[in-house]
Amino acid sequence: MIGIVVVSHSHTLAHAAVALAGEMLGGQPVRIEIAAGLDEQTFGTDAVAVSEAIAAADSGDGVLVLMDMGSAVLSAELALDLLADDHRVRLCAAPFVEGLIAAAVSASGGADLDEAAAEASNALAGKQTHLDADAGSAPSGISESGRVQRAAEIARVIEWNGRGFVAESAPVSRAEFVVDNPHGLHARPAARLVGAVRGLDSSVLLGNLTTGAGPAPASSLSRIAALGALAGHRLEVAATGADAAEAVDRVLALAARHFDEAPGLVTEAAPVARGTGPLPASPGIGIGPSWQLAAAQFDTADLDDPGRAETPAGERRRLDAAIGRVRAEIDRLRVTAGTEAGIFEAHQVLLDDTEVLDAVHSRISAGMGAAHAWARVLDDGAAELDRLPDEYQRARAGDLRAVRDQVLAELTGRATRTVSRAGVLVAADLTPAQAAALDPAQVMGIVLANGSPTAHSTILVRAHGIPAVVGAGRRVLETAAGTTVALDGQTGALVIDPDPAVLAEFTEHAVAQRLQRAAALAAAGKPAVTRDGVTVHVAANISDLADASAAVRNGADLAGLVRTEFLFLGRADAPSIDEQEQAYRALAEALDGRKLILRTLDVGGDKPLPYIEQAPEANPFLGMRGIRLTLARPELLRDQLTAIGRVAADHPVGVMFPMVTQLSELLAARLMLSEVVPPDIPLDIGIMVEVPATAAKTAAFADHVDFLSIGTNDLTQYAMAAERGNESLGSLADPLDPGVLHLIDMVSRAATGRARVAVCGEAAADPAAAPILLGLGVHELSVGPPAIPLVKAAVRELDSTSCRALATRALTCSSAEEVRALIP
Ligand code: PEP
Ligand code: MG
């Protein structure tokens with residue numbers, strides 16, 4: 001039998017409605033769950049409670065959800081995203097009381113989901129027929145049928161063309177206003193708006209001038225929500241009828257009063273300025289129960305060790321090398337962790353623990369493989385700690401298992417396994433491999449104690465579209481599993497265990513964002529053209545096939561950056577030419593005729609490869625990375641270029657070289673390219689501009705390339721001398737610092753008329769940065785696939801002349817904060 005869920009603002013109302021429905025049931029009792037009110041007294045709805053009610057109501061035949069209005073609908077929609085398991089759920093627009101009774105009666109008689117939904121939806125028919133029979137005296141402008149008539153009437157005389165209302169002949173009052181409520185025109189302020197124009201002899205429409213969404217009748221709460229009006233958006237109101245001027249005045253007065261909303265409920269709870277709290281890292285709202293990564297990632301009983309040596313001495317050497325690499329990695333993390341370095345000290349000590357090492361060595365001498373011996377000894381140690389009475393000491397077992405897994409990952413060449421769970425992941429930091437393995441269908445948000453917005457792991461999180469904040473500080477790690485966490489990856493707001501009012505704000509904001517995204521997505525297939533007709537290519541940064549499909553779904557014009565290193569990571573040896581060709585060809589095919597710009601292997605820095613011997617470096621970001629490494633290991637580059645050339649024979653392909661600092665590096669790479677790719681194969685050639693010296697020398701490179709792609713992540717870290725993974729420098733590493741903007745300006749000026757200029761660093765996805773980058777002469781923005789629709793929407797709002805003026809002013813600023821303050 002189907003289940004029913006009742007979502008209402010009022011606990012009392014819902015229970016009364018269910019009791020009334022119960023009176024009508026003649027047959028089987030029906031499973032009806034209630035998610036209503038924030039508590040018995042407080043009105044409100046809670047998406048988490050709705051999702052729990054759905055899970056409880058479902059006996060396998062599906063669940064019909066009936067809602068009262070406004071945020072009940074929004075919470076029910078969000079609840080679908082929060083559900084951990086698969087459930088067949090139907091949100092039903094039927095009237096609350098009549099619909100519930102009809103649905104309950106039909107479910108009790110054995111109706112399936114479709115039949116019960118149809119019954120519920122028709123539940124008003126009887127009342128309508130009855131009342132319409134003696135209708136004719138509805139007060140003017142207030143009845144539902146009157147409104148429908150009004151809407152039709154106004155639609156005939158006013159047209160919304162996405163940029164404003166166009167009225168041919170009718171007398172229309174209109175005006176513009178800016179929404180300055182922190183979470184935009186969500187349900188509560190929208191309800192105030194509906195109330196303000198109710199009862200007037202006027203038909204009122206609203207349109208969102210910032211996004212083009214609209215029109216929405218001001219009498220409809222749900223349609224207003226669909227405008228996706230966020231803080232800062234400009235709206236136009238237009239009204240006809242005898243009270244038109246009064247209606248517009250009321251809307252403007254209400255907007256000036258911030259729609260009677262207390263300012264900054266959430267923003268006050270969590271500081272949002274760069275550098276003063278968690279840093280925004282991946283846009284979107286994440287709400288859910290917190291969870292942490294499972295301590296043990298490898299199963300000792302089933303340990304696959306492909307590189308096992310023949311002799312115990314060989315195994316000892318492999319173990320020593322693996323421990324050495326982990327030690328170097330921990331050293332690196334300790335340096336970047338700043339005040340949080342203590343997390344890693346214990347790990348370092350464990351790696352040097354002679355008792356542990358003696359026990360492992362004696363097992364290896366007895367013929368056990370290094371991986372098994374290491375796992376066994378560390379497992380025993382962790383199990384011993386698990387048995388201790390003191391909670392703090394027991395928690396150290398987690399450190400032991402983390403070190404165990406890091407060494408096993410090095411020995412076996414396998415990435416540590418990341419098992420995703422439903423909810424918000426709270427972790428100290430993530431490796432790129434862990435981030436890549438997260439399942440966006442389950443992980444609703446990520447909070448990192450460390451981390452930084454441009455670390456590679458964060459880039460992967462953004463590519464997955466998982467909302468995230470980073471640099472939140474060690475205390476977040478104390479969050480008990482299951483505690484509700486709410487975060488806004490756009491502003492950096494983070495609230496652990498929010499009270500119901502704050503949770504409701506986040507929920508409503510999440511729904512508003514979803515609506516805004518949906519509007520942008522609907523237009524994403526079209527080109528991004530500024531108001532004055534300049535086309536900007538919006539490209540995708542991708543790493544794998546899933547990203548390529550997401551790029552196409554999100555309207556990418558091309559793939560502007562393929563981070564090929566992800567094909568090389570998490571394995572024991574480099575992929576062969578054939579394997580690479582197959583992988584690149586699959587990407588090209590998924591892109592369905594769109595150009596694919598493959599960046600050659602960019603490892604080193606924060607992406608070491610286990611099978612490339614690299615001497616430990618004090619400053620890996622200033623060391624052997626990118627093209628420096630592949631020119632030193634020419635067989636790697638040659639194989640990769642060969643594979644790229646094969647795919648370029650039948651697909652539109654470009655190749656670009658990372659971390660180029662000297663013209664001689666580019667010329668050496670081009671020479672190798674000419675040796676392995678026949679001259680008649682069309683292949684665009686470019687370099688990444690990531691080193692300040694390269695930016696300053698653009699003129700030397702411009703005639704040797706087809707395009708230059710500015711990697712603002714690295715360019716910013718090198719220009720500002722602020723390592724991109726170091727969360728304590730988050731506020732320094734702002735790509736809108738005028739120093740970085742001057743470098744971009746140099747690139748663009750020197751390349752004009754010689755080579756195309758793209759930006760593929762994370763700044764390209766920052767809506768605040770887009771007008772400045774375009775104003776500086778950038779032709780292409782390459783961003784993570786989920787960001788494409790909103791970047792395209794943002795470009796369509798811009799005017800290239802104003803962008804140029806803005807960029808010119810930005811270059812005269814003295815700080816990134818000043819630059820950001822210029823942005824409208
Ligand atoms: C960059 O540095 O901006 C860039 C796009 O490359 P990556 O982030 O892969 O280093
Ligand atoms: Mg880079």
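The values are calculated or read from the model by the stated rules, or taken from the named source; none is laboratory data. On a predicted model such as this, the values are computed, not experimentally measured, just so you know. Every residue, glycine as well, gets a Cβ built from its backbone with ideal geometry; the counts of neighbours run over all protein chains shown. SASA here: full protein model, heavy atoms, side chains in, ligands and nucleic acids out. Shrake-Rupley method; radii C 1.70, N 1.55, O 1.52, S 1.80 Å.
Computed values, structure above
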quantity: Residue list for segment 632-652, restricted to those being crowded, with 19+ Cβ neighbours inside 10 Å and of a type in the set (A, V, I, L, M); calculated: Leu636, Leu637, Leu641, Ala643, Ile644, Val647, Ala648
quantity: Boolean, Ile577 is over 23 Å from Val443 (Cα atoms) and either touching a helix residue (DSSP H, G or I) at 6+ places or on another chain (Cβ under 6 Å) or open to solvent by 20 Å² or more (accessible area, probe 1.4 Å) (or both); calculated: yes
quantity: Test set (1) closer than 16 Å to Thr698 by Cα; (2) among the aliphatic types (A, V, I, L, M); (3) part of a loop (DSSP other than H, G, I, E, B) - Leu743 fails condition number; calculated: (3)
quantity: Within segment 307-322, tally of residues that are closer than 13 Å to His361 by Cα, in contact (Cβ under 8 Å) with a residue 40 or more places away in the chain and open to solvent by less than 80 Å² (accessible area, probe 1.4 Å); calculated: 4
quantity: Residues being closer than 22 Å to Ser782 by Cβ, of a type outside the set (Asp, Glu) and open to solvent by 30 Å² or more (accessible area, probe 1.4 Å) - total across segment 591-630; calculated: 3
quantity: Residue list for segment 653-665, filter: within 16 Å of ligand 2 (Cβ to nearest atom), open to solvent by less than 10 Å² (accessible area, probe 1.4 Å) and either in contact with a Leu (Cβ under 7 Å, 6 or more places away or on another chain) or not in a loop (DSSP other than H, G, I, E, B) (or both); calculated: Val655, Met656, Phe657, Val660
quantity: Output for segment 566-582, where each listed residue is outside any loop (DSSP other than H, G, I, E, B) and under 25 Å from the mean Cα position of the chain (by Cα); calculated: Phe566, Leu567, Phe568
quantity: Residue list for segment 553-565, restricted to those being of a type outside the set (D, E, K, R) and assigned to a loop (DSSP other than H, G, I, E, B); calculated: Asn554, Gly555, Ala556, Leu558, Thr564
quantity: Failed condition for Asp706, given (1) of a type outside the set (A, V, I, L, M, F, W, C); (2) over 26 Å from the mean Cα position of the chain (by Cα); (3) open to solvent by less than 30 Å² (accessible area, probe 1.4 Å); calculated: (3)
quantity: Subset of segment 690-703 [open to solvent by 10 Å² or more (accessible area, probe 1.4 Å) and either among the acidic types (Asp, Glu) or within 16 Å of ligand 1 (Cβ to nearest atom) (or both)]; calculated: Val691, Pro692, Ala693, Asp703
quantity: Matching residues in segment 651-689 - criterion: being touching a residue at least 60 places away in the same chain (Cβ under 8 Å) and either within 16 Å of ligand 1 (Cβ to nearest atom) or over 33 Å from the mean Cα position of the chain (by Cα) (or both); calculated: Met656, Ala669, Gly686, Met688
quantity: Hits in segment 771-794 - residues which are away from ligand 1 (no atom under 14 Å from the Cβ), open to solvent by less than 20 Å² (accessible area, probe 1.4 Å), farther than 16 Å from Asn541 by Cα and touching a strand residue (DSSP E or B) at 6+ places or on another chain (Cβ under 8 Å); calculated: none
quantity: Boolean, Thr801 is in contact with an Asp or Glu (Cβ under 8 Å, 6 or more places away or on another chain), modelled with pLDDT of 95 or more and either away from ligand 2 (no atom under 16 Å from the Cβ) or open to solvent by 30 Å² or more (accessible area, probe 1.4 Å) (or both); calculated: yes
quantity: Residues of segment 490-524 satisfying the condition of being at positive phi and either of a type in the set (Lys, Arg) or open to solvent by less than 50 Å² (accessible area, probe 1.4 Å) (or both); calculated: Gly492
quantity: Residues of segment 535-549 classified as under 18 Å from Glu579 (Cβ atoms) and either in contact with a Leu (Cβ under 6 Å, 6 or more places away or on another chain) or not assigned by TED's automatic domain parsing to the domain that holds Val778 (or both), total; calculated: 1
quantity: Residue under evaluation Ser728, criteria (1) farther than 22 Å from Ala816 by Cβ; (2) away from ligand 1 (no atom under 16 Å from the Cβ); (3) of a type in the set (Gly, Ala, Ser), criterion not met; calculated: (1)
quantity: Output for segment 442-480, where each listed residue is farther than 16 Å from Pro498 by Cβ and either among the aromatic types (Phe, Trp, Tyr) or at pLDDT 90 or above (or both); calculated: Gln442, Val443, Ile446, Leu448, Ile466, Ala468, Val470
quantity: Residue match in segment 129-138 (condition: modelled with pLDDT of 65 or more and assigned to a helix (DSSP H, G or I)); calculated: yes
quantity: Subset of segment 458-489 [of a type in the set (Ser, Thr, Tyr) and open to solvent by 10 Å² or more (accessible area, probe 1.4 Å)]; calculated: Thr479, Thr483, Thr484
quantity: Residue within segment 533-541 that is over 21 Å from the mean Cα position of the chain (by Cα), over 24 Å from Asp81 (Cβ atoms) and loosely packed, with under 15 Cβ neighbours inside 10 Å present; calculated: yes
quantity: Residues satisfying the stated conditions in segment 677-725, i.e. within 16 Å of ligand 2 (Cβ to nearest atom), in a helix (DSSP H, G or I) and within 17 Å of Leu663 (Cα to Cα); calculated: Pro692, Ala693, Thr694, Ala695
